[in-house]
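Novice: The structure's right below; bear with me while I get my questions together.
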Amino acid sequence: MSLILAGDTTTTVNTVALCAEDAILAETVVDCNRLHSERLIATVDWVLKEAGKGLGDVTALAMSTGPGSFTGLRIGAATWKGFALTHGLPLVAVPTLDAMTRLGVYHRGCVCPMLDARMKEVFGAWYRFEDGTRTKLTEDRVCAVEALLDECPVGATEPCFLLGDGTVVYRERIEARAPKAVFAPPLCNVPRASAVAAEAFALLAQDAPTDANLVSPVYLRKSQAEINRERKTGS
């Protein structure tokens with residue numbers, strides 16, 4: 001049986017899961033207020049223990065690569081790459097927004113995961129589902145929620161589904177711009193490591209690369225520290 005140990009630290013939520021292709025053996029989803037450095041290793045140990053497994057039983061690793069929090073992404077990348085290199089395990093890089101489309105069941109229509117990027121912006125991308133098959137329509141981007149909604153490719157007869165913590169933070173702006181949009185249930189608004197694992201199984205079936213040395217976080221924009229430094233230096 002193939003087992004994937006997956007994790008997502010792109011937001012304030014710390015989530016780790018051990019999954020088979022057709023089952024979740026153990027999973028945690030905890031809002032740790034971005035204290036990933038203090039909780040991640042202990043969470044991994046707990047998940048493996050509760051599933052009655054060890055790293056030696058794991059077939060592959062999967063990490064959510066962003067976009068998301070700079071600090072969270074760096075901690076997740078360092079931890080999962082460390083596991084991969086130390087134990088000789090393949091590591092699958094999973095785009096965060098792609099994985100989030102697996103938090104619901106969509107048969108037809110357009111779906112847009114939105115994560116709060118702060119600075120009055122969101123990380124987001126558009127997807128279309130036809131008979132349950134997903135097609136990604138846009139690249140991941142960071143922008144004002146209005147700009148993202150204006151890219152909606154939905155047809156007149158297609159439903160438009162929105163999910164992610166960005167839909168909570170900017171709900172009033174979304175309703176003003178897209179009054180017919182359908183908001184996903186609250187439980188679909190936080191990342192889950194089991195969704196990262198599901199996306200990783202799909203990527204492995206497509207022969208995705210698994211070299212840990214090639215995996216790196218996706219930030220989409222510079223950190224606030226880099227922006228402040230450039231302002232001071234005038235570059």
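The values are calculated or read from the model by the stated rules, or taken from the named source; none is laboratory data. Computed from a predicted structure; not experimentally measured. Virtual Cβ from ideal backbone geometry, glycine too; neighbours counted across all protein chains shown.
Novice: (1) at negative phi; (2) modelled with pLDDT of 95 or more; (3) surrounded by fewer than 17 Cβ atoms within 10 Å (Cβ to Cβ): which one isn't true of ALA197, the others all being true?
Specialist: (3)
Novice: Whether any residue in segment 23-31 is closer than 19 Å to LEU89 by Cβ and in contact with an Asp or Glu (Cβ under 6 Å, 6 or more places away or on another chain) is what I want to check.
Specialist: Yes; the residues of segment 23-31 include at least one that is closer than 19 Å to LEU89 by Cβ and in contact with an Asp or Glu (Cβ under 6 Å, 6 or more places away or on another chain).
Novice: On to the next question. Can you list the helices (runs of 4 or more DSSP H) lying wholly within segment 72-175 that have 3 or more residues being at pLDDT 95 or above and more than 23 Å from LEU214 (Cα to Cα)? Reasoning before the result, please.
Specialist: Details: elements: 96-100, 145-150, 165-169.
Filter on segment 72-175 gives 145-150, 165-169.
Novice: Restricting attention to segment 12-40, report how many residues are closer than 27 Å to ALA117 by Cβ and either in contact with a helix residue (DSSP H, G or I) (Cβ under 9 Å, 6 or more places away or on another chain) or assigned to a helix (DSSP H, G or I) (or both).
Specialist: Within segment 12-40, the subset closer than 27 Å to ALA117 by Cβ is 12-17, 27-40.
Next cut, either in contact with a helix residue (DSSP H, G or I) (Cβ under 9 Å, 6 or more places away or on another chain) or assigned to a helix (DSSP H, G or I) (or both) only: 12-17, 27-30, 32, 34, 36-40.
Residues meeting the conditions: 17.
Novice: Can you tell me how many residues within segment 44-67 are in contact with a Ser or Thr (Cβ under 6 Å, 6 or more places away or on another chain), in a loop (DSSP other than H, G, I, E, B) and either on the phi < 0 side of the Ramachandran plot or of a type in the set (S, T, N, Q) (or both)?
Specialist: Qualifying residue count for the region: 1.
Novice: Looking at (1) touching a helix residue (DSSP H, G or I) at 6+ places or on another chain (Cβ under 6 Å); (2) of a type in the set (D, E, K, R); (3) farther than 16 Å from LEU73 by Cβ, which is the only condition ASP45 fails?
Specialist: (1)
For every residue, the table says whether it meets (1) crowded, with 18+ Cβ neighbours inside 10 Å; (2) closer than 19 Å to GLY66 by Cα; (3) in contact with a helix residue (DSSP H, G or I) (Cβ under 9 Å, 6 or more places away or on another chain).
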residue: MET114; (1), (2), (3): yes, yes, yes
residue: LYS120; (1), (2), (3): no, yes, yes
residue: GLY124; (1), (2), (3): yes, yes, yes
residue: GLY132; (1), (2), (3): no, no, no
residue: LYS136; (1), (2), (3): no, yes, yes
residue: ARG141; (1), (2), (3): yes, yes, yes
residue: VAL145; (1), (2), (3): yes, yes, yes
residue: PRO153; (1), (2), (3): no, no, no
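Novice: Does ASP31 satisfy the condition of being surrounded by fewer than 16 Cβ atoms within 10 Å (Cβ to Cβ) and modelled with pLDDT under 95?
Specialist: Yes; evaluated as a whole, the condition is true for this residue.
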